[in-house]
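Contents: one structure, followed by commentary.
Every number in this text was worked out from the coordinates using simple rules, so none of it is lab data. It should be emphasised that the depicted structure is a prediction, and the values quoted were computed from it without experimental measurement. Neighbour counts run over all protein chains shown; Cβ positions are idealised from the backbone, glycine included.
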Amino acid sequence: MEPAHRTPDRTKRSILSSAGVKRSDWNSVYVSREGTVADYGMLAREEIEEGEVIFSIPRAALLNQHRTAIHSILEKEEESLKSQSGWVPLLLALMFEYTNSESYWSPYLSLWTDFRALDHPMFWPKEERERLLQGTGVPEAVENDLANILKEYNDIILPFIQSHREVLDPQKHTLELYQSLVAFVMAYSFQEPLEEDEEDEKEPNPPMMVPMADILNHVANHNANLEFRTDSLKMVSVRRIKKGEEVFNTYGELANWQLLHMYGFVESYPSNTNDSADIQMATVYKAALQAARTESERSLVVEKWDLLCQLDIVGEERAFVFGQSGSLTDEELYTSLKVLCMPVEQFKEFKENEGWEEAEEDDEDEMAAALSNEGIPKLSLPWRQLLGDSVTLTLQDYADKLQPDKELLGDRQAYGRLSSRERLALQLRYGQKVTLHQLLELTLCHSI
């Protein structure tokens, strides 16, 4: 793993006291900065069997919008604190508790003396961020974050502060602090998943801070998982963990660009089995327009794309995603290739039916198989050409080609001279480019 400064300095005693966990509750593990992938981590003191509870955190030890000294104010102002992120109540709680020397949560929050040590890309100079991460999708995600943070602070946070000067101070609770706390919540918070039958009906649960659990590092091949129970949260092993082995939680099935964007680290290539590369949907549209030879063909592409947008198959800010085994957005990509490559008469019929009859004929398993690494070489020539042209355009978004990155990764001395940010960016770029080049090769070969 290529970490940024994953965790600030802390002691076992302060971790335990802040988490409300007795020392006897976690005899099988210990916290260390030796033998871990980042500054700190948790190691197995003894062999841990699969399914064993490693430690348990009582819900009373969780820091959320309901467990803060200003919870009554937050509840009273609930309607005015609604936002796109859903994070505002927790962030206000953290702003108050972090700057209150007498806070109940001081033993926990004092562990972070400088949130900028997380070294999220949002704290990198813009020039450096764009230079190192061009083409990866991270600069655009960060710019969107910064714009949302500014809007949220000015529209919601600042009015709240000005209305409640008895607890908050605009001179102390600044935009800079708010941005730092957003990075803190990104990197360390947890969200309790909704039940399956609630996913389409309820908003996601708000984030919360979980002392003790937040010390575990993440890898795709994790060996533990946080389970949410009625009265507590339990870290449970998902396979046998050897003595001396690091205990890894999972933050989800995240690609390296997501890990860097939200947590400030990546997994070294090729460790992250969840890594992926995106092709912007707008790039496929651009490729289709470039392939059109006449004005009438261009008009037909525009008409096809407009219909795909109306059907919510594609969108200007959305992407087709490719993992190690092929497409991860099967239905969207399959339908887009199908429509954009349709003969004009077939498209007229498709448009008249608004795509419904065609959609019913397309089986999900068949679409997934067709867009897998094994299936892509078997696609029709127009489909492969459009997909290949889209990959080529995407590769042009990067500052450099694949080979220079490959050579730098293979040169230990040169790699060792890179800064931590340069290493993070290199690992991220290289993984994405490899995925795209493999996809391009699949579009160039044909099998029956």
query: Taking +1 at the Cβ of each Lys and Arg and -1 at the Cβ of each Asp and Glu, which of Met209, Gly86, Asn154 sits farthest along the dipole of the stretch 70-209 towards its positive end, judged by Cα position relative to the Cα centre?
result: Asn154
query: Could you work out the helix-only [θ] at 222 nm for the chain, with each DSSP H run of four or more residues adding -39,500 (n - 2.57) and the total divided by the number of residues, to the nearest 500 deg cm²/dmol?
result: -13000 deg cm²/dmol
task: Measure off 7 Å from each Cα along the Cα-to-Cβ vector at Gln403 and Gln162, then give the distance between these two points in nanometres to one decimal.
output: 5.9 nm
statement: Across His218, His173, His120, the residue with the highest GNM fluctuation in the chain (Cα network, 10 Å cutoff) is His173
task: Report the relative contact order of the stretch 209-320, percent, no decimals, based on alpha-carbon pairs under 8 angstrom and at least 6 residues apart.
output: 22 percent
statement: Counting lysine pairs in the stretch 299-402 that sit 8 or more positions apart or on different chains, with Cα atoms under 20 Å apart, gives 6
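Using the crude model of +1 on Lys and Arg Cβ and -1 on Asp and Glu Cβ, and no other charge, please compute the dipole size for the chain relative to its Cα centre, in debye to 20. Before the final figure, lay out each step's value.
Values: 44 positive and 79 negative charges, 529 e Å.
It comes to approximately 2540 debye.
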query: Do you know the relative contact order of the stretch 70-209, to the nearest whole percent, from alpha carbon pairs under 8 angstrom that are 6+ apart?
result: 27 percent
message: With just the Cα atoms defining each centre, how far is the stretch 291-346 from the stretch 51-95? Give it in Å.
response: 42 Å
message: Between Arg239 and Arg45, how high is the FRET efficiency from 1/(1 + (r/R0)^6) when r is the Cβ-Cβ distance and R₀ = 25 Å? Nearest 0.05.
response: 0.90
statement: Taking a crude spin-label model, label points 7 Å out from Cα along the C-beta direction, the Ser83 to Glu192 distance in nm is 2.2 nm
- line: Once the in-chain neighbours fewer than 8 apart are removed, the lysines whose Cα is under 24 Å from Lys76 read Lys151, Lys172, Lys202
query: Taking θ as phi - 60°, what are the ³J(HN,Hα) couplings along the stretch 362-368 by the Karplus curve (6.51, -1.76, 1.60), each to the nearest whole Hz, with x for Gly and Pro?
result: 8, 7, 4, 5, 5, 5, 4
- prompt: Can you give the charge dipole size of the stretch 246-405 about its Cα centre, rounded to the nearest 20 debye, using +1 on the beta carbon of Lys and Arg and -1 on the beta carbon of Asp and Glu?
  reply: 820 debye
- request: Could you let me know the centre-to-centre spacing of the stretch 96-133 and the stretch 400-448, using Cα atoms, in angstrom?
  value: 30 Å
field: Dipole axis of the chain (+1 Lys, Arg; -1 Asp, Glu on Cβ), positive-most option in Leu393, Phe190, Val339
entry: Phe190
message: As I understand it, the dipole of the stretch 237-396 uses +1 on the Cβ of Lys and Arg and -1 on the Cβ of Asp and Glu, about the Cα centre. Which of Ile241, Leu371, Ser325 lies farthest toward its positive end?
response: Ile241
message: Relative contact order of the stretch 168-257, please, whole-number percent, based on alpha carbon pairs below 8 angstrom and at least 6 residues apart.
response: 22 percent
query: If you plug each phi of the stretch 203-214 into the Karplus form 6.51 cos²θ - 1.76 cosθ + 1.60 with θ = phi - 60°, what whole-Hz ³J(HN,Hα) values come out, in order, with x for Gly and Pro?
result: 5, x, 5, x, x, 8, 8, 10, x, 5, 5, 6
- prompt: Here are some values of Kirkwood radius over Cα pairs in Å: (i) 22.0; (ii) 24.5; (iii) 23.7. Which one was computed from this structure?
  reply: (ii)
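Note down the magnitude of the dipole of the stretch 216-257 about its Cα centre, charges +1 on Lys and Arg C-beta and -1 on Asp and Glu C-beta and zero elsewhere, to the nearest 20 debye.
That gives the stretch 216-257 a dipole magnitude of about 220 debye.
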- prompt: Label Thr273 and Gln346 with points 7 Å out from Cα along Cα→Cβ: what is the distance between them in nm?
  reply: 3.7 nm
